[in-house]
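To start, the structure itself, in structure tokens.
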Amino acid sequence: MKYLIIGNGVAGVEAALAIRKNDPTANITIVTSSAYHFYYRPKLIEYLAGETTIEKFTLYKEEFYFKHRIEVIRNITITSLDPINHRISASDGQIFSYDKLLLATGATPFIPPIQGVTLPGIFTLRGISDANNLMQYCDKIKHLIIIGGGLLGLETAIAMKRFAKNIIVIENLEWLLPRQLDKKGSTILQAMLEKKGIQFEISEQVEEIYGNRKVEKIILKSGKILPADAVIISAGIRPRIELAKSAGIVTAKGIIVDDFMKTSNEDIFAAGDSAEHNGIVYGIYPAAREQGRIAGLNMSGEKTAYKKTIISNILKITGIDLYSAGEWNTDNATIYSCCDSNMYIKYLEKENPIGAIVVGDSHAIKVAQKVMEGKSSSHELLQLIKENQRINQSI
Ligand SMILES: Cc1cc2nc3c(=O)[nH]c(=O)nc-3n(C[C@H](O)[C@H](O)[C@H](O)COP(=O)(O)OP(=O)(O)OC[C@H]3O[C@@H](n4cnc5c(N)ncnc54)[C@H](O)[C@@H]3O)c2cc1C
């Protein structure tokens, strides 16, 4: 059996491993446009901050693929898919055939259609080469603007502190991390980030990025003008669906898959940031890993259903503890919470845990995580909340 995987990210690699386990004689090939072997993408933040090296966060090197008899072809971009003849073609003219194909093509950063967005000095962050280009450009800059106050935007802002003296994050919604935090949690977080030297323009939209030959300033819709030597756009992702779409496979936000990670074509599967399952494009590492594993099992004949991943987020900023999981914006639950100016815990349950937010308390994060992952009851978390309420009342 000939298995072909497009994409050497976590979804692609996990699928290859599951196939190998199930089918010792399988012929497994991964093709990827990346020049690098499989690395842990979330570590790009530490790489930007100068706290790790590519060598350290490359998880699987040559020996790994050799040991598992997985052929990896790097630096090759697949440009078309012919599902009738079971073939894919690459930009250099190479053609590959398959019995089963996995589209683990990930996602690309979304670039909003802002005037001036193609000027030199404007960056996004997805892979090692983006980080290298960014670091090279930002070597001697003063003013850095980050468009987007999501997790990635905030982590990038802190990581870039060693390059730029003035860093401003622009967020067009009412508060930071609106998908992860309520307003109270976000206010505490913003104060913590401001203490670390990051400035914010909240509820502001970019009208134009201006510059003669490279970026020079940002003009906001409110009329404010911000100097900018470089800009990082961190405005979410778009799944890479173009190959699937042009081959007639059903797509929406992502490539639509069923519970077995199968697309609308019997022999083509999708997993990770490129896939949409039950209307959700997860865009997070644990979901990509699990979907890749499930896709690999099903491709190699072991029928296994994917169950949804509970979305949980941890902010990777030293000294700022933040955890958010599940739903926190519902009236249909009992809410327990406590807060002071540096800490906030909110927990929602209705028979079962529904959601949790923790800011500024690393111990409470561990407790909440266990509750949300179903590894312990909510007893200890509720005790913690009660204890904090008691302390705050007595102050
Ligand atoms: C800086 C950063 C920090 C992050 N931090 C976190 C975090 O803390 N927690 C978390 O849960 N998630 C985090 N994420 C998201 C997480 O990394 C992704 O959800 C996960 O890596 C997706 O894996 P994937 O295998 O689906 O896609 P990817 O890792 O993007 O892999 C896609 C692969 O497909 C290849 N490819 C695409 N199209 C083609 C083509 N046409 N031809 C050939 N090859 C192709 C690409 O080269 C790549 O190798 C972060 C992401 C970034 C960028």
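The values are calculated or read from the model by the stated rules, or taken from the named source; none is laboratory data. Keep in mind that this is a model prediction, so the values were computed, not measured. For neighbour counting, all protein chains shown are included, and Cβ atoms are generated from backbone atoms with ideal geometry for every residue, glycine included.
Listing for the model above:
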item	result
Count - residues of region 28-76 that are among the basic types (Lys, Arg), surrounded by 15 or more Cβ atoms within 10 Å (Cβ to Cβ) and either at pLDDT below 95 or closer than 16 Å to Glu14 by Cα (or both)	1
Unmet requirement for Gln291, which otherwise passes all of (1) under 30 Å from Ile345 (Cα atoms); (2) within 16 Å of the ligand (Cβ to nearest atom)	(1)
From Ile345, Ile354, Ile365, residue being over 16 Å from Ile391 (Cβ atoms) and in a strand (DSSP E or B)	Ile354
Any hit, region 15-28, residues being under 18 Å from Gly106 (Cβ atoms), more than 10 Å from the ligand (Cβ to nearest atom) and outside any helix (DSSP H, G or I)	no
Ser129 within 20 Å of Val359 (Cβ to Cβ) and not in a strand (DSSP E or B)	no
Which numbered condition Lys195 fails, given (1) without any contact (Cβ under 8 Å) to a residue 12 or more places away in the chain; (2) within 17 Å of the chain's Cα centre (by Cα)	(2)
Single residue of region 272-286 satisfying the filter (closer than 16 Å to Arg240 by Cα, within 7 Å of the ligand (Cβ to nearest atom) and not hydroxyl-bearing (Ser, Thr, Tyr)) that is surrounded by the most Cβ atoms within 10 Å (Cβ to Cβ)	Gly272
Tally of residues being out of contact with any strand residue (DSSP E or B) (no Cβ under 7 Å at 6 or more places or on another chain), polar (S, T, N, Q) and within 14 Å of the ligand (Cβ to nearest atom) across region 83-106	1
Of the criteria (1) free of Cβ contacts under 8 Å to residues at least 24 places away in the same chain; (2) within 23 Å of Thr77 (Cα to Cα); (3) surrounded by 22 or more Cβ atoms within 10 Å (Cβ to Cβ), which one Ser186 fails	(2)
Enumeration of residues in region 256-271 that are more than 11 Å from the ligand (Cβ to nearest atom) and hydrophobic (A, V, I, L, M, F, W, C)	Ile256, Val257, Phe260, Met261, Ile268, Phe269
Residue among Pro109, Pro120 that is out of contact with any Gly (no Cβ under 6 Å at 6 or more places or on another chain) and away from the ligand (no atom under 14 Å from the Cβ)	Pro120
Test: residue in region 37-54 that is under 30 Å from Val250 (Cα atoms), out of contact with any Gly (no Cβ under 8 Å at 6 or more places or on another chain), among the basic types (Lys, Arg) and within 11 Å of the ligand (Cβ to nearest atom)	no
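Per-residue answers, yes or no, for (1) assigned to a helix (DSSP H, G or I); (2) at pLDDT below 95; (3) not assigned by TED's automatic domain parsing to the domain that holds Asp340:
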residue: Ile146; (1), (2), (3): no, no, yes
residue: Ala157; (1), (2), (3): yes, no, yes
residue: Ile170; (1), (2), (3): no, no, yes
residue: Gln180; (1), (2), (3): no, yes, yes
residue: Ile188; (1), (2), (3): yes, yes, yes
residue: Gln199; (1), (2), (3): no, no, yes
residue: Ile219; (1), (2), (3): no, no, yes
residue: Ser222; (1), (2), (3): no, no, yes
residue: Lys245; (1), (2), (3): yes, no, yes
